[in-house]
Amino acid sequence: MMKRISNVIAIMSSKGGVGKTSVSANLAAALAVEFNKKVLVIDTNLSTASLGLHLNIFYPKYTINDILRKNFKIKKAVHFYNENLHIIPASIQIRKPEKNIHNLRKNVFKIIKKYDEMLNEFSKEYDLIFLDCAPGFEMESIAAMHVAGGLLLVVNPEYPALVSAAKTVEYAKILKMPVGGAILNKSLGKKYELKEEEIEEALGIKIVGSVPFDMKVPESISNKMPIVLFDPYAKSSIVFKKLAASLVGMKYKFGFVKRVKKFLRIGVKKYRKEKIAEKKAAKKK
Ligand SMILES: Nc1ncnc2c1ncn2[C@@H]1O[C@H](COP(=O)(O)OP(=O)(O)OP(=O)(O)O)[C@@H](O)[C@H]1O
Ligand SMILES: [Mg+2]
């Protein structure tokens, strides 16, 4: 087995749609913008990529899919959201059959070796690297499980998500992969939902953050921004920032000044203005 790389965190759940990509994009953006950390976030969901779409990358020239090719210069696939936040997207194209990927599928160890090479190259350059994982236990997620230093599980407060999460924990045990905790996402606070204690007991791991169901999350995605930037004081944004801080041993305090800013929606105006200016500049080109 490859040596695990300690500052690489895999964001996982075997169930689709629980919020892995939203969590990856937001933790990375919060660390980069709010806490001035250098972060790389990589889409390891080779078959149903979406990370780029959360971070305003629609037509990437080079992707993780290229990295898996022979003799490709890994750095060419790194995209810059801003100075601190870098992204390696995966290809969203289905035009030509991914011949190389198809061959690689047969041998998960080839992918693991490539990931190991890539992450060793980057681990010193970044404070933290996130792997946005594919659902299921296909070669994509299994490869990520082999190289990441730790795992953050994403779960929703319902049985299907819990059962999938439990499976992921079992796989992690088999692969001796440290589990850092679970992020409960899309909680509505309804009586019928599974409670935090029930989830913790069933999984045998701690819930490290509880992100409410927030319609601003899809709204932010349609605006091509993570919610922590689109609406920095939304309830979900504050949870993301607190969690991001805890990952690097820092604290996010939602104190008086921030409460006033939230009331006046100051940060929101700032980011949206920037966004509009960006759009205008892009149109002029
Ligand atoms: N806290 C939230 N509140 C409301 N909607 C959310 C929240 N988190 C995620 N979503 C929505 O859920 C959908 C799925 O989210 P996301 O793509 O992050 O999940 P995923 O686990 O990465 O999916 P996949 O398994 O397909 O990769 C998105 O449409 C997103 O807008
Ligand atoms: Mg996803």
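Within the range 169-209, count every residue that is of a type in the set (D, E, K, R) and not in a loop (DSSP other than H, G, I, E, B).
Number satisfying all stated conditions: 8.
Just to be sure, is residue 18 assigned to a loop (DSSP other than H, G, I, E, B) and modelled with pLDDT of 95 or more?
Answer is yes for this residue.
List every residue pair whose Cβ atoms sit under 7 Å apart, with the two residues 6 or more apart in sequence or on different chains, where the first one lies in the range 118-136 and is over 12 Å from residue 20 (Cα atoms) and the second, anywhere, is hydrophobic (A, V, I, L, M, F, W, C) and in a helix (DSSP H, G or I).
Going by the 7 Å Cβ cut-off, the qualifying pairs are 118/67; 118/74; 119/147; 121/74; 128/31; 128/247; 129/119; 129/122.
Write out, first by first residue and then by second, each pair whose Cβ atoms fall under 9 Å of each other, whose residues are 6+ apart or on separate chains, and whose first residue, in the range 4-21, is closer than 14 Å to residue 142 by Cα while the second is assigned to a loop (DSSP other than H, G, I, E, B) and aromatic (Phe, Trp, Tyr).
14/137
Looking only at the range 16-31, how many residues end up being within 11 Å of ligand 2 (Cβ to nearest atom) and either among the small types (Gly, Ala, Ser) or out of contact with any strand residue (DSSP E or B) (no Cβ under 8 Å at 6 or more places or on another chain) (or both)?
Final tally of qualifying residues: 6.
Pick out, from the range 210-285, the helices (runs of 4 or more DSSP H) lying fully within it that include 1 or more residues that are closer than 22 Å to residue 157 by Cβ.
Counting at least 1 such residues, we get 216-222, 227-230, 235-247.
Looking at the range 55-64 only, could you name the residues that are in a loop (DSSP other than H, G, I, E, B) and buried (at least 17 other Cβ atoms within 10 Å of the Cβ)?
Once the filter is applied, which keeps residues that are in a loop (DSSP other than H, G, I, E, B) and buried (at least 17 other Cβ atoms within 10 Å of the Cβ), the range 55-64 yields 55, 57, 60, 62, 63.
Does the range 65-78 contain any residue that is modelled with pLDDT of 95 or more and surrounded by 19 or more Cβ atoms within 10 Å (Cβ to Cβ)?
Yes, there is a match, as at least one residue in the range 65-78 is modelled with pLDDT of 95 or more and surrounded by 19 or more Cβ atoms within 10 Å (Cβ to Cβ).
Residues 47, 24: which one is touching a helix residue (DSSP H, G or I) at 6+ places or on another chain (Cβ under 8 Å), closer than 11 Å to residue 132 by Cα and of a type in the set (S, T, N, Q)?
Result: 24 is the single residue among 47, 24 that is touching a helix residue (DSSP H, G or I) at 6+ places or on another chain (Cβ under 8 Å), closer than 11 Å to residue 132 by Cα and of a type in the set (S, T, N, Q).
Which residues, taken from the range 13-54, are more than 9 Å from ligand 1 (Cβ to nearest atom), crowded, with 24+ Cβ neighbours inside 10 Å and of a type in the set (A, V, I, L, M)?
Of everything in the range 13-54, those that are more than 9 Å from ligand 1 (Cβ to nearest atom), crowded, with 24+ Cβ neighbours inside 10 Å and of a type in the set (A, V, I, L, M) turn out to be 27, 28, 29, 30, 31, 32, 39, 40, 41, 42.
Residue 34 fails exactly one of the following numbered conditions: (1) in contact with a Lys or Arg (Cβ under 6 Å, 6 or more places away or on another chain); (2) closer than 20 Å to residue 124 by Cα. What is the number of that condition?
Failing condition for residue 34: (2).
The values are calculated or read from the model by the stated rules, or taken from the named source; none is laboratory data. Computed from a predicted structure; not experimentally measured. Every residue, glycine among them, receives a Cβ derived from its backbone with ideal geometry; neighbour counts consider all protein chains shown.
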